[in-house]
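To keep things clear, I will list the structure first and then write my remarks on it.
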Amino acid sequence: SLTKSDKASIANIWSKIAPQAEALGTETLERLFLTFPQTKTYFPHFDLSPGSDQLKAHGSKVMGAIGDAVKNIDNVGSALSKLSELHAYNLRVDPVNFKFLNHCMLVTLAVHFPNDLTAETHAAWDKFLALVTAVLTEKYR
Ligand code: ZNH
C-alpha cells in the first residue's frame with residue numbers, strides 16, 4: 001500500500017501534470033495505440049490519428065479520473081466506483097490493457113518530468129496506477 005512519502009510524491013507529480021493534463025493524457029493514448037495496437041479495438045468509433053479532437057477529449061477524461069484518484073488517494077474505490085462499473089459492465093476492457101496504459105503513462109511522465117521521476121517516485125506512481133487499475137477492474141466477473 002501507499003506510504004506517506006509515496007502519497008507526497010504522487011501529489012507532487014500531479015501538481016505538475018494538472019496544468020497540462022489534456023496534452024499528457026493525449027500523449028499517453030498516442031503511445032498506447034502505437035505501441036500496443038490491439039488496444040485500438042476498443043475505439044472503433046474514434047478518429048485515432050495523433051492529436052485528433054476525440055483523442056484529446058478522451059486523454060483529458062482519463063487524466064481527469066487520475067486527478068480524482070489523486071485527490072481521494074485514501075478512498076480511490078469510492079471516488080472511481082462509477083467508472084469501475086462502466087469499465088466492467090459496459091466497456092468490458094480486458095484488464096491486461098490497463099498494464100499497457102499504465103506503462104505508457106509512466107513513459108510520458110518520465111519524458112516530461114525527468115528530474116522528478118527518480119526511482120522512488122517511479123515506484124510510487126507505479127503503485128498508485130496499480131491501485132487505480134485494481135479499482136477499475138474489481139467489478140469484473
Ligand atoms: Zn477507460 C471511457 C478512465 C483504462 C477504454 N475511461 C473512460 C472514461 C474515463 C476513463 C474517465 C470516460 C467515462 C465517461 O465518459 O463517463 N480508463 C480510464 C482510466 C483508466 C482507463 C483512469 C486507467 C487508468 N479505458 C482504459 C483502458 C481501455 C479503456 C485500458 C482500453 C484499452 N475507456 C475505454 C473506452 C471508453 C472509456 C472504450 C469509452 C470511450 C467513449 O467515449 O466511447
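The values are calculated or read from the model by the stated rules, or taken from the named source; none is laboratory data. Not measured: the values here are computed from a predicted model. Positions of Cβ are backbone-derived with ideal geometry, glycine not excepted, and every protein chain shown enters the neighbour counts.
Side notes on the structure shown:
- Yes/no for residue 61 being more than 24 Å from residue 1 (Cβ to Cβ), surrounded by fewer than 18 Cβ atoms within 10 Å (Cβ to Cβ), in contact (Cβ under 8 Å) with a residue 24 or more places away in the chain and charged (D, E, K, R): yes
- The stretch 68-84, residues that are of a type in the set (A, V, I, L, M) and near the ligand (Cβ under 10 Å from one of its atoms): 69, 80, 83
- Applying the set (1) in contact with an Asp or Glu (Cβ under 9 Å, 6 or more places away or on another chain); (2) surrounded by 13 or more Cβ atoms within 10 Å (Cβ to Cβ) to residue 138 leaves exactly one unmet item: (1).
- Hits in the stretch 85-117 (condition: more than 10 Å from the ligand (Cβ to nearest atom), among the β-branched types (Val, Ile, Thr) and either closer than 19 Å to residue 70 by Cα or touching a His at 6+ places or on another chain (Cβ under 6 Å) (or both)): 107, 108
- Single unsatisfied condition, residue 9 versus (1) crowded, with 17+ Cβ neighbours inside 10 Å; (2) of a type in the set (Gly, Ala, Ser); (3) away from the ligand (no atom under 13 Å from the Cβ); (4) closer than 18 Å to residue 136 by Cβ: (4)
- The residues of the stretch 79-128 that are at pLDDT below 95 and aromatic (Phe, Trp, Tyr) amount to a single one, 89.
- Complete set of residues in the stretch 21-51 that are of a type in the set (Ser, Thr, Tyr), surrounded by 15 or more Cβ atoms within 10 Å (Cβ to Cβ) and more than 20 Å from residue 69 (Cβ to Cβ): 39
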